[in-house]
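The values are calculated or read from the model by the stated rules, or taken from the named source; none is laboratory data. This structure is a prediction, so every number in the text was calculated from the model and none was measured. A quick note on method: Cβ atoms are made from the backbone with ideal geometry, for glycine too, and the neighbour counts reach across all protein chains shown. Quick note on the areas: whole protein, heavy atoms, side chains included, nothing else; ligands and nucleic acids left out. Shrake-Rupley method; radii C 1.70, N 1.55, O 1.52, S 1.80 Å.
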Amino acid sequence: MRQIIIAGNWKMNKGLFETEQFCKELVQFATTHHEERVRMIIAPAFPFLKIASTLLLGQPVGISAQDVSSHEDGAFTGEISASMLSSLEMQFCIIGHSERRQYHQESDTGVRDKQLILREYGIKPILCIGETLAQRDAGETSAVLISQLEGCFKDVPLESGEEVIVAYEPVWAIGTGRTASPAQAQEAHALIRNWFEENYNPEIAAAIHILYGGSVKPDNIVELLSCPDIDGGLIGGAALKLESYVQMVQSATKLIQSR
Ligand code: PEP
């Protein structure tokens, strides 16, 4: 059975003090969180990954980077390599976030390369795809998602489906307060899972975690997580405050324990 993953993407928020404060308070909650089927992940900014993983050492909280270079090493000023993340014992890394695609011209081919290099270093990618509002309005959602999947997984081997997490993030719902309805989200998630069934096999499709991202908050998380193909959330704004992050973890816990 798939876990529920509650992943907080902090984006370019929280400095050293706020990171320390959040992690220390999260430790207090994490020591009381005994539901292994609900996985907590936080993604602080690069400079604070080490302090976050030190403070959360031994706790059931995964740490994720927010991006990685597709290059091994060398003259790429400002970039961070997979081997550097691996030296920090990073477990996860977000790739292909729509903000990277929009502001840093990240392409599906680049996301594919990042997926491969992360996996080479034992870091699980959280690979984001999603359509823009114009694409949805033009009825292109399915075609866009399939084309992103084809690009990001071109000749990429999967053995179990556990090698990567996919996040469906409709661009029009990110940071806008506008959430996809559970029916819209479920439809996209079912399409994505079906793509893995057709292009890999039913076991991989059944095992792969597909997260929803786009204005998830304590008020709407339960109805989203109740959809059969939604395995958690990649959450920006509502994951920045410890209280609402914990609330969402608790909701996920209640939900999974009632199944
Ligand atoms: C995100 O950062 O991936 C995201 C979905 O942000 P928000 O929850 O704020 O919409």
Testing Glu106 on (1) in contact with a helix residue (DSSP H, G or I) (Cβ under 9 Å, 6 or more places away or on another chain); (2) not in a loop (DSSP other than H, G, I, E, B), one condition comes back false. Which one is that? (2)
Out of region 11-47, which residues are farther than 30 Å from Ala206 by Cβ, surrounded by fewer than 21 Cβ atoms within 10 Å (Cβ to Cβ) and among the hydrophobic types (A, V, I, L, M, F, W, C)? Met12, Leu16, Phe17, Val27, Phe29, Ala45, Phe46
Hey, can you tell me all the residues within region 231-246 that are open to solvent by 10 Å² or more (accessible area, probe 1.4 Å), within 15 Å of the ligand (Cβ to nearest atom) and among the aliphatic types (A, V, I, L, M)? Ala238, Leu240
Scanning region 142-187 for residues that are in a helix (DSSP H, G or I), of a type in the set (Val, Ile, Thr) and closer than 24 Å to Lys217 by Cα gives Val171
Any residue in region 169-184 that's within 12 Å of Glu131 (Cα to Cα): show its pairings with residues that are of a type in the set (Ser, Thr, Tyr) and within 11 Å of the ligand (Cβ to nearest atom) at Cβ separation under 8 Å, as long as the two are six or more apart or on different chains. Glu169/Ser98; Glu169/Tyr212; Val171/Ser98; Ala173/Thr179; Ala173/Ser215; Ile174/Ser98; Ile174/Ser215; Ala180/Tyr212
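Sort through Phe17, Phe22, Phe48 and tell me the only one that's closer than 29 Å to Ile256 by Cβ, among the hydrophobic types (A, V, I, L, M, F, W, C) and not in a loop (DSSP other than H, G, I, E, B).
Numbers: Phe17 fails: closer than 29 Å to Ile256 by Cβ; Phe48 fails: closer than 29 Å to Ile256 by Cβ.
One residue alone meets the criteria, Phe22.
When the residues of region 17-51 are filtered to those that are of a type in the set (A, V, I, L, M, F, W, C) and within 20 Å of Glu79 (Cα to Cα), which remaining residue is nearest to the ligand (Cβ to nearest atom)? Before the answer, list the steps.
Within region 17-51, the subset of a type in the set (A, V, I, L, M, F, W, C) is 17, 22-23, 26-27, 29-30, 38, 40-43, 45-46, 48-49, 51.
Filter once more, so that each one left must be within 20 Å of Glu79 (Cα to Cα): 43, 45-46, 48-49, 51.
Values: Ala43: 9, Ala45: 13, Phe46: 16, Phe48: 17, Leu49: 17, Ile51: 21 Å.
Selected residue: Ala43.
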